[in-house]
Each structure stands twice: as C-alpha cells, then as structure tokens.
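Take a look at the structure set out below.
The values are calculated or read from the model by the stated rules, or taken from the named source; none is laboratory data. Predicted, not measured: the structure shown is a model, and the values here were computed from it. With ideal geometry, Cβ positions are generated from the backbone for all residues, glycine too; neighbour counts draw on all protein chains shown.
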Amino acid sequence: MLSILHLFRIGIGPSSSHTVGPMRIARRFVAALAEAGKLGDVRRVAIELQGSLALTGVGHGSVNACVLGLMGLEPDSVDPDAVPALLAEAGAGEIRLLGTQPVPFDRGRDIVLACEVVPELHPNGMRLRAYGEDAAPLADETWYSTGGGFIASARQLAAPSADDLVASPVRAALPYASGAELLQLCETHDRDIAAVVLANEAVWRPEAETLAGIDRLLAAMRACIDRGLTQEGHLPGGLQVRRRAPELWRKLTAAPANEAEALMDRLNLFAMAVNEENAAGGRVVTAPTNGAAGIIPAVLRQYCSDGERAQDQARRFLLTAGGIGILYKQRASISGAEMGCQGEVGVACSMAAAGLAAVWGGTPQQVAAAAEIGMEHNLGLTCDPVGGLVQIPCIERNAIGAVKAVNAARLALHSHEVGKVSLDQVIETMRQTGIDMSSKYKETSLGGLAVNVAAC
Ligand code: SF4
C-alpha cells in the first residue's frame, strides 16, 4: 500500500510531475554521489529532459526545478519567495552541488530539452550524468517523474513491485487493491473508508504522527488559499493571465450573491486562488497533483472550516479522498503525461467527491459512488496547456472540477441503489482512455487549446 502522506505532498508550483518530481530527482542524484563519496570529484553535471518534460518543461518550470534540486533544495522546504535569488546565484557560471561542491555551470549547456527523445518507460524521462577530471564519467542514471511528485528510477519502473520508492516493506493492516476490496473491508470490519485508510497508515508511522501530518497538509492548503486571495497582478510566463481570485473575493464579501450563486462563487474562487498560487510557483499541496491542486482545498474550505468538528471532518475528508486517490495511483496513473487531464483534474474531482460524501455521512457504497461519478464525467478530458504553462485551461478547470465534485457527492447521496458503473470500472476506463489518447493531448502542448490559442 502507498501512504496518503506520499500522495499529498507539500511542494512548490507550478507542476508536481514537471517541477516537484524533477527537483526531487536532481537532488537525489547529487545526494547519491555524496553518499558514494564522489561529490568532491565532480567537475560537471549534465541533465537531459526527455518527452513531456522537454516539450512543456520551460512553462512548467522543469529547468529551474533541476537547478534547485542540484543545489540540494527540496520542494517541501524551499522558500518560494527565495527561489528567484537562488536561481540567480546559479546563473553566474557556477553551481554549488548539494550546497557545497562548486562546479562550472551553464544552464543552457548543462540542462538540455531533448524534445526528440521518446522515453522508454514513462513520458517524463530524465537522464542525469556527472563527470570528473578530464570528463571521466562518474555517474549516468535515467529517472522518471511519474506524476504527483512521485519518482522512480529506470530499474524501479522495469520492476514495478519496487515502484516509486514508497511501497511499504511491511504489509498494511487492511490492504486493498481495488474499490471492491475496499468496500468489502469496510463491511467485514464495520468501518468506514477513512478508518480503513487510517489503520493502513500505521504501517508507516504511529497514528498521532499520521494525524499531525494530515493537519500540516490541511494548514498548507488553507494558507495557500489565504495567500491566493490577496495576491494581485499577472502570472509569470508571458501569457499575461491576470489573477482573478482577489477581485472575486472582494466582490463576494462586498455584495454577497444569493445562496446558490454564492456557493459556486466561493468554490470557484477558492480553487482559483490555489491554482493561481501554483502557477506563480507558490507553496501548494499535490492533491493529487499540482495542476489539480485547487479542487480538494476548495471543497474542504467550503464544507469543513466552521464549527467545533471542522478539524475532525477535514481529517476524515482527506483520509477518504486519499484512500480513493491511492486506487487511481495503483490501478492507473495520476500523470497528465500518461492519462491527460482526466488523470489529474478528473482524479482530484473523484477524490473530493468521495471526501465530501464521507463528511456528509454517506455509506462506504455512497462514497465509492461519489468517486465514480466524479470521474465518469471527466473521462476523456485532455491536457493541452497553452504555452506549456499551468494556467489555461488549468486554473478555471479546477474551479469547474470543485463544483462538479460537490454535485457528484449530492448525486451519490441521493441514490440508495448499487450503481450500474462501479468505481473499479471507471478507473479502468480512465486507464484505457488514457492509453488510447493521442500524445498530442497528454501534457505535450502539441494539440487542443495549445495550438488554437495564441501563446502571447
Ligand atoms: S490541462 Fe490538466 S493535466 Fe494538463 S497541466 Fe493543466 S491541470 Fe495539469
């Protein structure tokens, strides 16, 4: 079993697969050199970004992420406000690997966008090389950023049982590999989905630490919305996309709309606040990816932020949503480069619908039905970001996804029959649709809006 604390990660924008993953890979590469006692011998490093990482790497911040990773910085602890100065430091002809070993560095020469290379095992490939005196090779590794900030070496992807460095070596208390098995566990042990997921987290750490980790995630999500509601101006990247969340927030607080309209306005603006922060390279939580990071926090903010039980409900929401997200990660993929946007916004919508249905008191069957509905009506959703930036359609798409998640939870709670489509069937349908989808619509910016909307 995966841990939900690996699925939800605190990181920086704009992309979990193209920013967080490459940063982790670059850091891991130099850390391994240090562990092997070779870091002091390094005279040059070279990174080749392949496939989707090359095609949308500039807009998605992949090159900058590699630079930061080589410097030894980590996505969950780097201060987003300090990033411009750190990048400027590495732009002066030298980089300090892992913060210690100075080597000559020219980002145009040493980090190459190899658009022509089609990676073998996953669309997001990275080849990293280190050289010593007289260009003697010290290390040559290929890694993959597999979505949501997860990473895997070529060896690990070729042997899936060791995927992503996060498979637990210990058997979880209540393991499940499908929605059907999850529901069976709920029935057998008379527990809800959140309780099953919490029991499984015990494999990784004591319960108090898991709950503290969830509380940190919730705090980071709230802080991201709060910051996004106050930051004005245009987003970086050249598209001249203006941040809209602060203005919407001002309008809503000055002259509240009627209840139904205000609900949609609030979901829209909370989701957009997060995704505008993400697009600006701010601090966000992968939920389950950066591109889809606004949906879960928006629904949480709307339904789990008031009252004495708010924190308990928010924990229950995240445990349930995480339990559903693990199914998508294990049975299909949460990578836009593999599945299109159905694997990011679609999965986030499904997870949020499940979390909300649980908070509203739904049975495990109704929670699974909410997750199923949340995905069913996102099937086929393509990824075609304009200019390779995580802005259009991503920001509005999260707003739409948040509203859709609430509707999916409502539909599920009003139904007391077993649905015709199961959660497992819809996950498998998403997987097959992702495989069949043209690569033009899988985070390459070679089709769809990306070619029909001028990027400047
Ligand atoms: S279109 Fe969807 S999958 Fe593609 S970058 Fe935007 S949010 Fe991510």
ILE400 surrounded by fewer than 22 Cβ atoms within 10 Å (Cβ to Cβ), of a type in the set (A, V, I, L, M, F, W, C) and in the same structural domain as GLN311 (by TED's automatic domain parsing): yes
Among (1) touching a Leu at 6+ places or on another chain (Cβ under 7 Å); (2) not in a helix (DSSP H, G or I) - the single one ALA454 does not satisfy: (1)
Check on ALA254, at pLDDT below 95 and farther than 22 Å from ALA408 by Cα: yes
Tally, over the stretch 1-53, of residues that are surrounded by fewer than 24 Cβ atoms within 10 Å (Cβ to Cβ), part of a helix (DSSP H, G or I) and among the small types (Gly, Ala, Ser): 4
Candidates ARG283, ARG222, filtered to the one that is more than 18 Å from GLY148 (Cα to Cα), surrounded by 13 or more Cβ atoms within 10 Å (Cβ to Cβ) and among the charged types (D, E, K, R): ARG222
Lone qualifier among SER62, SER52 - being touching a His at 6+ places or on another chain (Cβ under 7 Å), within 16 Å of the ligand (Cβ to nearest atom) and assigned by TED's automatic domain parsing to the domain that holds LEU113: SER62
Some residue of the stretch 7-24 being under 20 Å from GLN101 (Cβ atoms), over 16 Å from the mean Cα position of the chain (by Cα) and either within 16 Å of the ligand (Cβ to nearest atom) or at pLDDT 95 or above (or both): no
The stretch 225-254 - residue that is aliphatic (A, V, I, L, M) and assigned to a loop (DSSP other than H, G, I, E, B) and, of those, nearest to VAL284 (Cα to Cα): LEU229
Considering residues of the stretch 260-279 that are small (Gly, Ala, Ser) and crowded, with 21+ Cβ neighbours inside 10 Å only, the residue nearest to GLY61 (Cα to Cα): ALA279
Long-range neighbours under 6 Å by Cβ, at least six apart or interchain, first residue under 19 Å from MET339 (Cα atoms) within the stretch 286-309, second among the acidic types (Asp, Glu) and modelled with pLDDT of 95 or more: THR289/GLU344; GLY291/GLU344; ALA292/GLU344
Which numbered condition ILE395 fails, given (1) within 30 Å of ARG244 (Cβ to Cβ); (2) surrounded by fewer than 24 Cβ atoms within 10 Å (Cβ to Cβ); (3) modelled with pLDDT of 95 or more: (2)
Index of the failed condition, GLU417 passing every other in (1) part of a loop (DSSP other than H, G, I, E, B); (2) away from the ligand (no atom under 16 Å from the Cβ); (3) modelled with pLDDT of 95 or more: (3)
Members of the stretch 182-192 found to be in a helix (DSSP H, G or I) and farther than 11 Å from LEU423 by Cβ, listed by number: GLN184, LEU185, CYS186, GLU187, THR188, HIS189
Some residue of the stretch 261-274 being without any contact (Cβ under 8 Å) to a residue 24 or more places away in the chain, in the same structural domain as LEU446 (by TED's automatic domain parsing) and out of contact with any helix residue (DSSP H, G or I) (no Cβ under 8 Å at 6 or more places or on another chain): yes
Residues within the stretch 82-109 that are on the phi < 0 side of the Ramachandran plot and either assigned to a loop (DSSP other than H, G, I, E, B) or under 27 Å from the mean Cα position of the chain (by Cα) (or both), tallied: 15
Enumerated helices (runs of 4 or more DSSP H) restricted to the stretch 287-396, each holding at least 1 residues that are of a type in the set (Asp, Glu) and within 16 Å of the ligand (Cβ to nearest atom): 336-339
Qualifying positions in the stretch 89-117 - acidic (Asp, Glu) and closer than 20 Å to ARG24 by Cβ: ASP110
Residue within the stretch 422-442 that is assigned to a loop (DSSP other than H, G, I, E, B) and surrounded by fewer than 18 Cβ atoms within 10 Å (Cβ to Cβ) present: yes
Residues satisfying the stated conditions in the stretch 255-281, i.e. over 20 Å from GLY336 (Cα atoms) and either within 16 Å of the ligand (Cβ to nearest atom) or part of a loop (DSSP other than H, G, I, E, B) (or both): ALA255, PRO256, ALA257, ASN258, ASN268, ALA273
